[in-house]
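Below is one structure, written out as structure tokens, with a few remarks after it.
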């Protein structure tokens, strides 16, 4: 009688134990995220301002360490000064950008099992992609305020007040994974750096020829990013235990 009860108990708990062991390798296929970033331009003006942007993203998690995302970004890029700039140029670009990128973390490339140090390093990532930025000048000093070359107000700095440019982001960062009771990473806290290269000279709204103003590279801007990601949807399995060195749950 006792043996029968023991066998019955073992049969009942075995699926639970198996599920728990299996779930420690599992992750969600989809994710959504939001972030805020500090923005700083590298363009044709010597004076640059620190501004901010926000973004929302949708993710497809190919593995826990490889994902593909679409990101909608809204922010501002600002530089120059009608007081301090040598040519009295100044702009404030309230931009929108749609970016598609893929990231890969070290966990996809290394065997981190049994190593606390590698278990920490596995969540460093890098990535790139492409996108489109819509430039919209909320303010731009379009006519000269300096009389050294032309009478004041008679020279129009060439450029468009609104435009669309192709852009390429280069992304680096670290994701702090938070796990649920099944050791599945369901929340990620991201701290990263993104450097965006735009193809065209419209980020600052000025397209003066290099003979007039030195222009050695495409307009660019960098972002220091803090974001959060929530994973959801269908569950699938990975080849390695994802929470290999941390045993807590959230």
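The values are calculated or read from the model by the stated rules, or taken from the named source; none is laboratory data. Bear in mind the structure is a predicted one, so any value in this text is a computation, not a measurement. Every residue, glycine as well, gets a Cβ built from its backbone with ideal geometry; the counts of neighbours run over all protein chains shown.
One line per residue, one yes/no per condition, for (1) assigned to a loop (DSSP other than H, G, I, E, B); (2) at pLDDT below 90; (3) crowded, with 21+ Cβ neighbours inside 10 Å; (4) in contact with a strand residue (DSSP E or B) (Cβ under 6 Å, 6 or more places away or on another chain):
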position	(1), (2), (3), (4)
202	yes, no, yes, yes
208	yes, yes, no, no
212	yes, yes, no, no
215	yes, yes, no, no
218	yes, no, no, yes
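Starting from residues that are part of a loop (DSSP other than H, G, I, E, B) and surrounded by fewer than 20 Cβ atoms within 10 Å (Cβ to Cβ), keep the ones in region 114-140 and report whichever is farthest from the chain's Cα centre (by Cα). Before the answer, list the steps.
The first filter runs over region 114-140 and keeps only residues part of a loop (DSSP other than H, G, I, E, B), leaving 114-115, 122-123.
Those still in the list that are surrounded by fewer than 20 Cβ atoms within 10 Å (Cβ to Cβ) too: 114-115.
Details: 114: 30, 115: 28 Å.
Checking each candidate, the answer is 114.
Kindly indicate which of 87, 57 is buried (at least 17 other Cβ atoms within 10 Å of the Cβ) and in a loop (DSSP other than H, G, I, E, B).
Working: 57 fails: in a loop (DSSP other than H, G, I, E, B).
Checking each option against the conditions leaves just 87.
Could you tell me whether residue 109 is within 24 Å of residue 28 (Cα to Cα) and loosely packed, with under 14 Cβ neighbours inside 10 Å? Steps first, answer last, please.
Numbers: within 24 Å of residue 28 (Cα to Cα): yes; loosely packed, with under 14 Cβ neighbours inside 10 Å: yes.
Answer is yes for this residue.
Listed residues 154, 239, 198, 194; which is in a loop (DSSP other than H, G, I, E, B) and either in contact with a helix residue (DSSP H, G or I) (Cβ under 8 Å, 6 or more places away or on another chain) or touching a residue at least 24 places away in the same chain (Cβ under 8 Å) (or both)? It would help to see each step written out before you state the result.
Working: 154 fails: either in contact with a helix residue (DSSP H, G or I) (Cβ under 8 Å, 6 or more places away or on another chain) or touching a residue at least 24 places away in the same chain (Cβ under 8 Å) (or both); 198 fails: in a loop (DSSP other than H, G, I, E, B); 194 fails: in a loop (DSSP other than H, G, I, E, B).
Just one listed residue meets the conditions, 239.
Hey, any hits in region 212-220 for a residue that's within 16 Å of the chain's Cα centre (by Cα) and over 19 Å from residue 32 (Cα atoms)? I'd like the intermediate steps shown before the answer.
So the first thing to find is which residues in region 212-220 are within 16 Å of the chain's Cα centre (by Cα), and the list is 220.
Going one step further and asking which of them are over 19 Å from residue 32 (Cα atoms), we end up with 220.
For region 212-220, residues within 16 Å of the chain's Cα centre (by Cα) and over 19 Å from residue 32 (Cα atoms): present.
Does at least one position in region 82-89 carry a residue that is touching a residue at least 12 places away in the same chain (Cβ under 8 Å) and touching a strand residue (DSSP E or B) at 6+ places or on another chain (Cβ under 7 Å)? Steps first, please.
Initially, region 82-89 is screened for residues touching a residue at least 12 places away in the same chain (Cβ under 8 Å), giving 82, 84-89.
This time we only want the ones that are touching a strand residue (DSSP E or B) at 6+ places or on another chain (Cβ under 7 Å), so: 82, 89.
The answer is yes, given that some residue of region 82-89 is touching a residue at least 12 places away in the same chain (Cβ under 8 Å) and touching a strand residue (DSSP E or B) at 6+ places or on another chain (Cβ under 7 Å).
In region 27-54, which residues are closer than 30 Å to residue 184 by Cβ and surrounded by fewer than 18 Cβ atoms within 10 Å (Cβ to Cβ)?
Of region 27-54, the ones closer than 30 Å to residue 184 by Cβ are 27-37, 54.
Passing the criteria: 29, 30, 32, 34, 36, 54.
Residue 170: farther than 22 Å from residue 118 by Cβ, part of a loop (DSSP other than H, G, I, E, B) and touching a residue at least 40 places away in the same chain (Cβ under 8 Å), yes or no?
Numbers: farther than 22 Å from residue 118 by Cβ: yes; part of a loop (DSSP other than H, G, I, E, B): no; touching a residue at least 40 places away in the same chain (Cβ under 8 Å): yes.
No: the conditions fail for residue 170.
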